[in-house]
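Enquirer: If you scroll down you'll find the structure; I have some questions about it.
The values are calculated or read from the model by the stated rules, or taken from the named source; none is laboratory data. Fair warning: this is a prediction, and the values are worked out from it, not measured in the lab. Here the Cβ positions follow ideal geometry from the backbone for every residue, glycine too, while neighbour counts run over all protein chains shown.
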Amino acid sequence: MIHALANLGLGMLHQPIAFLFGFFDRAGDGSATFGWVIGKILLVLLVTHVILILAALMVWAERRVSAWMQGRLGPNRVGPEGLLQPLADLGKFMFKEDVIPGHVHKVMYTIAPLITVIPAMITFAVIPFTGSFETSGATGDTFIQSWQIADLNIGVLYILSVTGLGVYGLTLGGWASNSKYSLLGGVRASAQMISYELSLGLAVVPVVLIVSSLNLGDVIAWQADNGWMAFHQPLAAFIFMIAVYAETNRLPFDMPEAETELVAGYHTEYSSMKFALFFMGEYTAMTVGSALLVTLFLGGWTFFGLEQLGWAMGVLIFSAKVLFFLFAFIWVRWTIPRFRYDQLMWLGWGIFLPLTLVNVLLTAGALAMDQAWIMWILPLVLIASILIAAWIGWKRDEKKFQPLSDAPGVIPAGAATGEEASA
Amino acid sequence: MTTALFVIFGATALASALLAVTRKNPVASAMWLVMMFFGLAGGYVVLEAYFVAAVQVLVYAGAIMVLFLFVIMLLDLRSEHLMEEEAPRMPILGVAAAVLFLAVSGIALLNAVDDGMFPDAAARATLELDGSARAIGESLFGTWLLAFEVTSVLLLGAIFGAVILTKRRLT
Amino acid sequence: MTLASALLAPVLGAGLAIPIEWVIGLGLALFSVGILGVACRRNILIMLLSVEIMLNAANVVLVGFSRMHSEISGQVFVFFSMTVAAAEVAVGLAILIAVYRLRRSIDADDTTQLREIDYGPLPPIKLEGEPSHHAHDDHDDAAEPVGAAGGA
Amino acid sequence: MSLGNLDLGNLDLGFLTVLAADAGGLVTSGFTSWAAWVILFTPLLVAFLVTAVPAIRKNNYLAAALSIGSVGLGLVLTLVVYFFPMLSEGGNVYEHIVSWVAIGDSALITFGTRMDALAVTMTLVVTGVGFAIFVFALGYMKGDESMGRFYGKFALFVFSMLGIVMSPNFFQTFIFWELVGVSSYLLIGYYWKKHSAGEAAKKAFMTNRVGDFGFLLGILMVWAAVGDATGAYGQGLYSAFDFTVIEKAIAGAGGLSELFWNNIGFAAIAAALIFCGAMGKSAQFPLHVWLPDAMEGPTPVSALMHAATMVAAGIYLVIRCNFIFAYAEWAPTLICWIGGITAFIAASMAITQNDIKKVLAYSTLSQLGYMTMALGAGAYTAAMFHLTTHAFFKALLFLCAGSVIHGCHHEQDMLKMGGIKKYMPSTHKTWVIGTLALCGIFPLAGFWSKDEILGAASSNTSIGMSATILWGVGTLVAFMTAFYMGRAWFMTFRGKYRGEHEPHESPKVMTIPLWILAIFSIFIGFVGVPGEGNLIEHFLHSWHVGGPAQFHMSVALISTIVAILGLVLAFKIYGKGTGKDPLPEKLGGLWTLWANLWYIDRFYLWLVRVVQQGIAKLCWWFERWVVIQGLFNATARGTRIVGEQVRQAHTGRLGSYVTSFVLGAVIVMILVLVQVKVGGGS
């Protein structure tokens, strides 16, 4: 029934798009045709615009959600529910004076915001938005056409490479501003992102080991067959998620732009569209992070067979998952307080790095044993290890930061007056 | 077309490298070097060494150069005598050495070309190589396993060295 | 199917279009640039960067030869060379920081403590075993290091 | 207990592979083959525990109990597992060998235990006498703070000795040979705070090294020859070091000289070199000098090392390799004469000693000379028999001496003793038994074994006139033996007590071992009564070369008579126990020669002082003027001159270094290019 309905609804969409891509097929020997290239370019344009618009909407969502969580209203004047607020913001940004302070390194200062946005954007090149489908091409042959800009066989490696470049924008922006706060923000950003890139990369390693392919399409296909990777690799998924938070400099890891400490960190000296670009970069990075999390650990465009309804269903599922995690980003931001910088470093190097290493070792060992049941025991072991690690960390903190009431010189809650205390 | 791509990437890399070593500002140098890495990565792609290209970006641009930038910022060198570096004391000899090296090795290369040591266009058409991660992995963990292990020991040593060198108090 | 091969498929054809000697030439040129940097610059940071250029030059040549011999080992060597580069950078930057702490400078010409310092004319070498004013001539004396007199 | 012939295969023990053999009567698996390992390694384990675990080392009696237990376990196991089955079955050889070092396919070194009749006899002597001495030491060492350390070393010593005894190959023998040297060094130097003890330990070790060097050369010669003859240095499962392989190779080659590339000289030299090792350990002339000095160790040590074990190692080795010596041309004659000379000069030295332990030490030397004589004469059974009996009565005598010394408050000078008979009746009685046994009075142990040796020496036709001369020397030594033993007896136990402190009888823990050994000293000789009931002959028959020993009535009669004459003479001179020695005046120059130990030690000192110091001076001169002045200093000067010029280029600037480096590289490249052009152009 659902299938029929979906076929009815999505089928209407299917035909024109399939036709479009059919027109843009590759030639019979697999080499690209002009039409195929045009098709890819169209896809690039589509994806880019979706992401940019999403980034703008995210600003609105952030403000609305935070307001909701704080019992306020948030922007609700421009357009229905304030939905046109991004447009208004854009206008404001574009018409504001673009102040370039006299003491900055002009070239770096200018290109830094661009460097922030571009790596985040181009990561989308390898993310599959929905399943592959066959089309009959103009020449009459059948081709596999995927909703993916580039189907790299080293997709995971590509993602790790490109996400690693995002740090340049922040670092250079902080440095080029030639201001103490900016520089501190830049230094913090580079140290933090290098630290968490390790955990990020190592969290992906077990996935690659299990799937034994670096191709994101293969990763999703494996998950469609064997269940989501988050069930097999809960620890890796967990750490990946937190590392993504740290990579995007979002609370609770927003050290590089901590308002209460560094005014605005690396973008203190920026204004107008350059400032907007930093913002855009951050929200694009969030989108990328969510998309990666979804692709690597949560089955991508699959949802327990629902995706078989049609390729459009895959896009919907994928979008829904990404949107959920984008919401989670906002949710976490307005829920969890900021870490201290040494805690951040300890978390990255002292907890996540060993945990991911152990995880890689365990996974590799389990794979080497080549027993089906081990792959199901592994998550349990890992969950247990998380709990143990958490317990140890808690114990450690408990020892280190004893409750205020036990500290010397603090009058216990029960002791009302000095007389009783001295008696 | 491929050759043109290679020339573009190679020229980018070469120009970036030259700019990197001639900039006064170390940050500018570092950024040009990043540019060079991208140029080389492009060159690797043209040479169908995809894995190497990805790792080139991942390791060099993503990690090593960020470390450089981090150190530059950590030292906050601008306030020191770095922005206004004096004229190098012996640049002529240094330039001469570099140019001589290029000239002599270039002559050697041309000699080798004359001697027909490199495959011509027809022979190159038969050069097939699987530069995928799987092929490299099989070679790395098969033929070169020992070297791989030794490299890991080297990295461990480097970690210890870096930690000990930068520790303020050795006691 | 990879991005590159997909993009380049119409133009690549089979095999390798680029002459190997071009690749090697690029490597040589990059290496010369690296030499230029190390030989002419005094900033230790730039020197380290130049060393990276040289390593990359070697990598380029390795990839070229890997293609020429249709042998993947060359690319594996590139991998090793990158690892070594990473280790080198870590230790090099650590040394740099140590030097900076000591000198407040990263000018290579400021750190020349290991050069020969001119102490003026050296004292004549007193060689053991020659007829000398030694009161006792146990053969233990002869075991003393010869350089002891010169270093004083 | 009968195991018979077991089906043998390669028993795989993981990293060790037990090697099987094809010989009949050979037992290579089951507990009987393993028990030897237990016997061998329990003392080592104890030594390790005692040395390494402070709690055990500091607990003197725990250490002692462990050590005594380890030796006792060895004794019981040897008796039960090996001795009794061998007595009933006969001819069995229990072997357990593992491959130890395999150098490719070409060389193999094995490690293992081989328990045949000879090894079992020797093991019984070592563990049996050792057990008695261990118990005795419990009393003797009472009050010594570091008794734990003492027992640790003791156990190590027993381990080393057992290793030699059970060794199936030369390589292992040599290892344990050196271990015996080390542990004897430790034990002799036990009172390390005493200067003389340290010196004596060093002397023993270094003298042994001289012999061991020859031994090693001999081993290597035999190994090379056997390896060459069998075509492989690791012949299948056995190595060319193995005794069985060597024996088979000799038999296969049809004689030792044939084995040695048909070179008679080589064979004899190899045998003589191996005997060098025996000379060192068994203290034969001219390497005998360490043994008397080694009395610096505690008396139980003297008893164990110089009566039963260490000095027996040399004799045992020769018996073990009799298949080499039997065909070694002039080597047996040499051995015979060395034995005779040792026996005589040692007896002459013993006459002049006043230290009760020194008398026994020289007596040991003399008896070892006897054994060596027997070896040279080819009477291996006789030598082994005497070794066994001697172990008992000499251990007894040493322990008696120890008891006397203990009772006289650590006084060793016989001139300060006398009349101890009434204070120490048990010690006196056992001492008399030991003396009579040593002198060869019928029917005590010494009678049977000594007469067998003298009989063998006199009937050794292969050396012609020498046989008669050696028999004469032997008989003379028998007389001298009786004389000096009588002298010691009467000076110590008769007359009036001349010391300061009142002597006292030793405690039970000391006297009981004495009595046990005394009983053995009386009766052990009966195992070798000639004729049909000759047990030891029967037991060791597989080791006997050259037919069973003959009993010569005349020889026995003569030697007994001279022994009694010696005792009587001693009684005449010393019987009154006046504490004065009239002998120096009577013997005159001869006494001076004997008392100065034939000036051998002084000759060695002179040798060291003149020859070795001379060579050292020469070397020193060469080193100083040629090596240091000519090579080092010239190099230094040259380096300095060059360095002073070159350092101008040493600017300390990194850039200039790199520039020079690159320019150098460019030059090399140009050279290579030119060469390629020139070479390739032709």
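Enquirer: All but one of (1) within 20 Å of D:LEU317 (Cα to Cα); (2) modelled with pLDDT under 85 hold for D:VAL182; state the number of the condition that does not hold.
Expert: Unmet for D:VAL182, out of (1) within 20 Å of D:LEU317 (Cα to Cα); (2) modelled with pLDDT under 85: (2).
Enquirer: Further question: Conditions: (1) more than 29 Å from D:PHE131 (Cα to Cα); (2) surrounded by fewer than 24 Cβ atoms within 10 Å (Cβ to Cβ). D:ASP293 meets all but one. Number of the miss?
Expert: It is condition (1) that D:ASP293 fails.
Enquirer: Sticking with this structure for a sec: So which of D:PHE479, D:PHE493 ends up being in the same structural domain as D:LYS576 (by TED's automatic domain parsing) and either under 26 Å from the mean Cα position of the chain (by Cα) or closer than 17 Å to D:GLY566 by Cα (or both)?
Expert: That would be D:PHE479, the only listed residue that is in the same structural domain as D:LYS576 (by TED's automatic domain parsing) and either under 26 Å from the mean Cα position of the chain (by Cα) or closer than 17 Å to D:GLY566 by Cα (or both).
Enquirer: Right, another one. For D:TRP598, are the conditions met, namely being in contact with a Ser or Thr (Cβ under 8 Å, 6 or more places away or on another chain), away from every other protein chain (no Cβ under 14 Å) and assigned to a helix (DSSP H, G or I)?
Expert: It is true that D:TRP598 is in contact with a Ser or Thr (Cβ under 8 Å, 6 or more places away or on another chain), away from every other protein chain (no Cβ under 14 Å) and assigned to a helix (DSSP H, G or I).
Enquirer: Take the conditions modelled with pLDDT of 80 or more, farther than 27 Å from A:MET193 by Cα and either surrounded by fewer than 18 Cβ atoms within 10 Å (Cβ to Cβ) or among the acidic types (Asp, Glu) (or both) and apply them to B:VAL150. Does it pass?
Expert: yes
Enquirer: Next question. Can you tell which of A:THR48, A:THR130, A:THR123 is of a type outside the set (A, V, I, L, M, F, W, C), surrounded by fewer than 20 Cβ atoms within 10 Å (Cβ to Cβ), touching a helix residue (DSSP H, G or I) at 6+ places or on another chain (Cβ under 7 Å) and closer than 21 Å to A:THR295 by Cα?
Expert: Selected residue: A:THR48, the only one of A:THR48, A:THR130, A:THR123 that is of a type outside the set (A, V, I, L, M, F, W, C), surrounded by fewer than 20 Cβ atoms within 10 Å (Cβ to Cβ), touching a helix residue (DSSP H, G or I) at 6+ places or on another chain (Cβ under 7 Å) and closer than 21 Å to A:THR295 by Cα.
Enquirer: From the set of residues in region A:210-247 that are of a type in the set (Ser, Thr, Tyr) and at pLDDT below 85, which is surrounded by the fewest Cβ atoms within 10 Å (Cβ to Cβ)?
Expert: Filtering region A:210-247 for residues that are of a type in the set (Ser, Thr, Tyr) and at pLDDT below 85, the one surrounded by the fewest Cβ atoms within 10 Å (Cβ to Cβ) comes out as A:SER212.
Enquirer: Sticking with this structure for a sec: Scanning region D:157-167 for residues that are within 16 Å of D:THR121 (Cβ to Cβ) and in contact with a Phe, Trp or Tyr (Cβ under 7 Å, 6 or more places away or on another chain), which turns out surrounded by the most Cβ atoms within 10 Å (Cβ to Cβ)?
Expert: Among those residues, the one meeting the criterion is D:VAL165.
Enquirer: Same structure again: Please specify each residue of region D:650-681 satisfying the condition of being modelled with pLDDT under 80 and either in contact with a Phe, Trp or Tyr (Cβ under 7 Å, 6 or more places away or on another chain) or more than 9 Å from chain C (Cβ to nearest Cβ) (or both).
Expert: Those that are modelled with pLDDT under 80 and either in contact with a Phe, Trp or Tyr (Cβ under 7 Å, 6 or more places away or on another chain) or more than 9 Å from chain C (Cβ to nearest Cβ) (or both): D:VAL676, D:LYS677, D:VAL678, D:GLY679, D:GLY680, D:GLY681.
Enquirer: Within region B:53-95, take every residue that is among the small types (Gly, Ala, Ser) and surrounded by fewer than 18 Cβ atoms within 10 Å (Cβ to Cβ) and give me the one that is modelled with the highest pLDDT.
Expert: B:ALA87
For (1) modelled with pLDDT of 70 or more; (2) more than 7 Å from every other protein chain (Cβ to nearest Cβ), each residue gets a yes or a no:
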| residue | (1), (2) |
| --- | --- |
| C:LEU62 | yes, yes |
| C:PHE77 | yes, yes |
| C:SER81 | yes, yes |
| C:ALA87 | yes, no |
| C:ILE117 | no, yes |
| C:GLY129 | no, no |
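Here's the yes/no breakdown for (1) aromatic (Phe, Trp, Tyr); (2) closer than 24 Å to D:PHE134 by Cβ; (3) not in a loop (DSSP other than H, G, I, E, B):
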site	(1), (2), (3)
D:LEU368	no, yes, yes
D:MET371	no, no, yes
D:LEU375	no, no, yes
D:THR381	no, no, yes
D:HIS390	no, yes, yes
D:PHE398	yes, yes, yes
D:ILE405	no, yes, yes
D:HIS410	no, yes, no
D:GLY418	no, no, no
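Enquirer: Can I ask one more? Counting only residues that are hydrophobic (A, V, I, L, M, F, W, C) and surrounded by fewer than 14 Cβ atoms within 10 Å (Cβ to Cβ), which one in region A:89-106 is nearest to the chain's Cα centre (by Cα)?
Expert: By that ranking, first place goes to A:MET94.
Enquirer: So how many residues does region B:131-150 have that are within 7 Å of chain C (Cβ to nearest Cβ) and farther than 18 Å from C:VAL23 by Cβ?
Expert: The total comes to 7.
Enquirer: Related question: Being on the phi < 0 side of the Ramachandran plot and over 14 Å from the mean Cα position of the chain (by Cα) is true for just one of A:PHE238, A:PHE231. Which residue is that?
Expert: A:PHE231
Enquirer: Which one of these is of a type in the set (Val, Ile, Thr), under 21 Å from B:GLY94 (Cβ atoms) and surrounded by 11 or more Cβ atoms within 10 Å (Cβ to Cβ): D:VAL658, D:VAL676, D:VAL672?
Expert: Being of a type in the set (Val, Ile, Thr), under 21 Å from B:GLY94 (Cβ atoms) and surrounded by 11 or more Cβ atoms within 10 Å (Cβ to Cβ) holds for just one of D:VAL658, D:VAL676, D:VAL672, which is D:VAL658.
Enquirer: In region A:155-188, how many are closer than 18 Å to A:ALA246 by Cα and either free of Cβ contacts under 8 Å to residues at least 60 places away in the same chain or touching a strand residue (DSSP E or B) at 6+ places or on another chain (Cβ under 8 Å) (or both)?
Expert: Counting residues in region A:155-188 that are closer than 18 Å to A:ALA246 by Cα and either free of Cβ contacts under 8 Å to residues at least 60 places away in the same chain or touching a strand residue (DSSP E or B) at 6+ places or on another chain (Cβ under 8 Å) (or both) gives 8.
Enquirer: Name the single residue that is farthest from D:PHE344 (Cα to Cα) among those in region D:601-626 being within 14 Å of chain C (Cβ to nearest Cβ) and surrounded by 13 or more Cβ atoms within 10 Å (Cβ to Cβ).
Expert: Applying the filter and picking the extreme gives D:TRP625.
Enquirer: While we're on this one: Checking D:LYS576 against (1) at pLDDT 80 or above; (2) under 29 Å from D:MET480 (Cα atoms): exactly one of these is not met. Which one?
Expert: D:LYS576 satisfies all of (1) at pLDDT 80 or above; (2) under 29 Å from D:MET480 (Cα atoms) except (1).
Enquirer: Have a look at A:VAL332, A:VAL263 and point out the one that is farther than 26 Å from A:VAL208 by Cα, at pLDDT 85 or above and surrounded by fewer than 22 Cβ atoms within 10 Å (Cβ to Cβ).
Expert: A:VAL332
Enquirer: Continuing with this model, one more query. Output the residue which, of all residues in region C:1-34 that are at pLDDT 60 or above, in contact with a Phe, Trp or Tyr (Cβ under 9 Å, 6 or more places away or on another chain) and of a type in the set (Val, Ile, Thr), is farthest from B:THR2 (Cα to Cα).
Expert: That would be C:ILE24.
Enquirer: Still on this model: Within region D:460-476, count every residue that is more than 28 Å from the chain's Cα centre (by Cα) and either in a loop (DSSP other than H, G, I, E, B) or crowded, with 21+ Cβ neighbours inside 10 Å (or both).
Expert: Within region D:460-476, residues that are more than 28 Å from the chain's Cα centre (by Cα) and either in a loop (DSSP other than H, G, I, E, B) or crowded, with 21+ Cβ neighbours inside 10 Å (or both) number 1.
Yes/no per residue for (1) in a helix (DSSP H, G or I); (2) facing another protein chain (nearest Cβ under 7 Å); (3) farther than 24 Å from A:TYR158 by Cα; (4) under 14 Å from the mean Cα position of the chain (by Cα):
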{"position": "B:ILE8", "(1), (2), (3), (4)": "yes, no, no, no"}
{"position": "B:LEU33", "(1), (2), (3), (4)": "yes, yes, no, yes"}
{"position": "B:GLY42", "(1), (2), (3), (4)": "yes, no, no, yes"}
{"position": "B:VAL45", "(1), (2), (3), (4)": "yes, yes, no, no"}
{"position": "B:VAL52", "(1), (2), (3), (4)": "yes, yes, no, yes"}
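Enquirer: One residue is enough: does region B:113-126 have a residue meeting the conditions more than 7 Å from every other protein chain (Cβ to nearest Cβ), in a loop (DSSP other than H, G, I, E, B) and hydrophobic (A, V, I, L, M, F, W, C)?
Expert: So far as region B:113-126 goes, yes, one or more of its residues are more than 7 Å from every other protein chain (Cβ to nearest Cβ), in a loop (DSSP other than H, G, I, E, B) and hydrophobic (A, V, I, L, M, F, W, C).
Enquirer: Let me ask something else about it. Could you please find all residues in region D:452-497 being in contact with a Cys (Cβ under 8 Å, 6 or more places away or on another chain), among the hydrophobic types (A, V, I, L, M, F, W, C) and either at pLDDT 80 or above or under 21 Å from D:PHE393 (Cα atoms) (or both)?
Expert: D:LEU470, D:ALA478, D:ALA482, D:MET485, listed by residue number.
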